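Enquirer: Before I ask anything, let me first share the structure, which is written out below as structure tokens.
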Amino acid sequence: MVLTADEQSAIAALAVEHDLLVVTDEVYEHLVFNGTAHVPIATLPGMRERTVSISSAGKTFSFTGWKVGWAMADAPLIAAVRTAKQYLTYVSAGPFQYAVAEALRLPDSYFDGFRADLQRKRDLLGDGLRAVGFEVYQPEGTYFITTDITPFGEKDAYAFCRTLPERCGVVAIPNSVFYDDPDAGRTQVRFTFCKRNDVLDEAASRLQHLAS
């Protein structure tokens, strides 16, 4: 989901009222679909001095393995981040930092095209999964689609995903692994659509075996 303007404003108002710090993960800032604009919460009234915004090159530039990211905040908050960071990693990927800095200078047309392409892929895979019989939760951002497997008479997403490669030659992730509660997300399965169109078509075709 993508927070609405009212939801963000409510969070900001609570943070200001209770003098809270807000740490935001904005790695999907360029992957918000349906014409919705990403609005950093740090830009809302009273939030600039109490927000740490974190992002990385992992999603926007498809460099998840580089592990290069950045944090933005007022100087005192950045000093606190740096103090903690020095004990978390031994060394950063120095040469990659220059590459990412260059990528961040790309024109808006790159980011617009990237978003439009991923939205088309989202729709392509979503339509394919619905045709197979999955209940599909259309994402408003990111490049993952969450589905429900109960239409197939399945109740355990973990077991479903363990057998899916053998049954169909397709890999998915059970949403339950992201919860502390073992019962949460038990029937939900996640697919990714950051693939070539022919790969997405082939995945949907292979999953048709579930309906047979």
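The values are calculated or read from the model by the stated rules, or taken from the named source; none is laboratory data. These numbers come from a predicted model, not from an experiment. For neighbour counting, all protein chains shown are included, and Cβ atoms are generated from backbone atoms with ideal geometry for every residue, glycine included. SASA here: full protein model, heavy atoms, side chains in, ligands and nucleic acids out. Shrake-Rupley method; radii C 1.70, N 1.55, O 1.52, S 1.80 Å.
Enquirer: Can you work out which of the residues in region 26-44 that are under 13 Å from the mean Cα position of the chain (by Cα) and of a type outside the set (A, V, I, L, M) is least open to solvent (accessible area, probe 1.4 Å)? Walk me through it before giving the result.
Expert: To start, the set of residues in region 26-44 that are under 13 Å from the mean Cα position of the chain (by Cα) comprises 26-33.
From what is left, the residues that are of a type outside the set (A, V, I, L, M) are 26, 28-30, 33.
Numbers: 26: 18, 28: 62, 29: 52, 30: 45, 33: 2 Å².
In this case the residue turns out to be 33.
Enquirer: Could you check, for region 138-145, whether at least one of its residues is surrounded by fewer than 19 Cβ atoms within 10 Å (Cβ to Cβ) and part of a helix (DSSP H, G or I)?
Expert: Taking every residue of region 138-145 in turn, none turns out to be surrounded by fewer than 19 Cβ atoms within 10 Å (Cβ to Cβ) and part of a helix (DSSP H, G or I).
Enquirer: Got a sec? Which of 48, 82 is of a type in the set (D, E, K, R), closer than 29 Å to residue 6 by Cβ and more than 17 Å from the chain's Cα centre (by Cα)?
Expert: Working: 82 fails: closer than 29 Å to residue 6 by Cβ.
None of the others qualify; the one that does is 48.
Enquirer: May I pose another question? From the residues in region 146-167 that are open to solvent by 40 Å² or more (accessible area, probe 1.4 Å) and polar (S, T, N, Q), which one is nearest to residue 37 (Cα to Cα)? Can you show your working first?
Expert: Taking region 146-167 as the starting set, the residues that turn out to be open to solvent by 40 Å² or more (accessible area, probe 1.4 Å) are 150-156, 158-159, 162-163, 165-167.
If we keep only those that are polar (S, T, N, Q) as well, we get 150, 163.
On the way: 150: 34, 163: 39 Å.
If we take residues in region 146-167 being open to solvent by 40 Å² or more (accessible area, probe 1.4 Å) and polar (S, T, N, Q), then 150 is nearest to residue 37 (Cα to Cα).
Enquirer: Any idea which of 189, 177, 170, 199 is closer than 24 Å to residue 58 by Cα, open to solvent by less than 90 Å² (accessible area, probe 1.4 Å), in contact (Cβ under 8 Å) with a residue 40 or more places away in the chain and not polar (S, T, N, Q)? Spell out the reasoning first.
Expert: Values: 177 fails: in contact (Cβ under 8 Å) with a residue 40 or more places away in the chain; 170 fails: in contact (Cβ under 8 Å) with a residue 40 or more places away in the chain; 199 fails: in contact (Cβ under 8 Å) with a residue 40 or more places away in the chain.
189 is the lone residue from the list that is closer than 24 Å to residue 58 by Cα, open to solvent by less than 90 Å² (accessible area, probe 1.4 Å), in contact (Cβ under 8 Å) with a residue 40 or more places away in the chain and not polar (S, T, N, Q).
Enquirer: Also, quick follow-up: Based on this model, can you work out whether residue 23 counts as surrounded by fewer than 18 Cβ atoms within 10 Å (Cβ to Cβ), modelled with pLDDT of 95 or more and assigned to a strand (DSSP E or B)?
Expert: yes
Enquirer: Which one of these does residue 194 not meet: (1) modelled with pLDDT of 95 or more; (2) closer than 17 Å to residue 30 by Cα?
Expert: (1)
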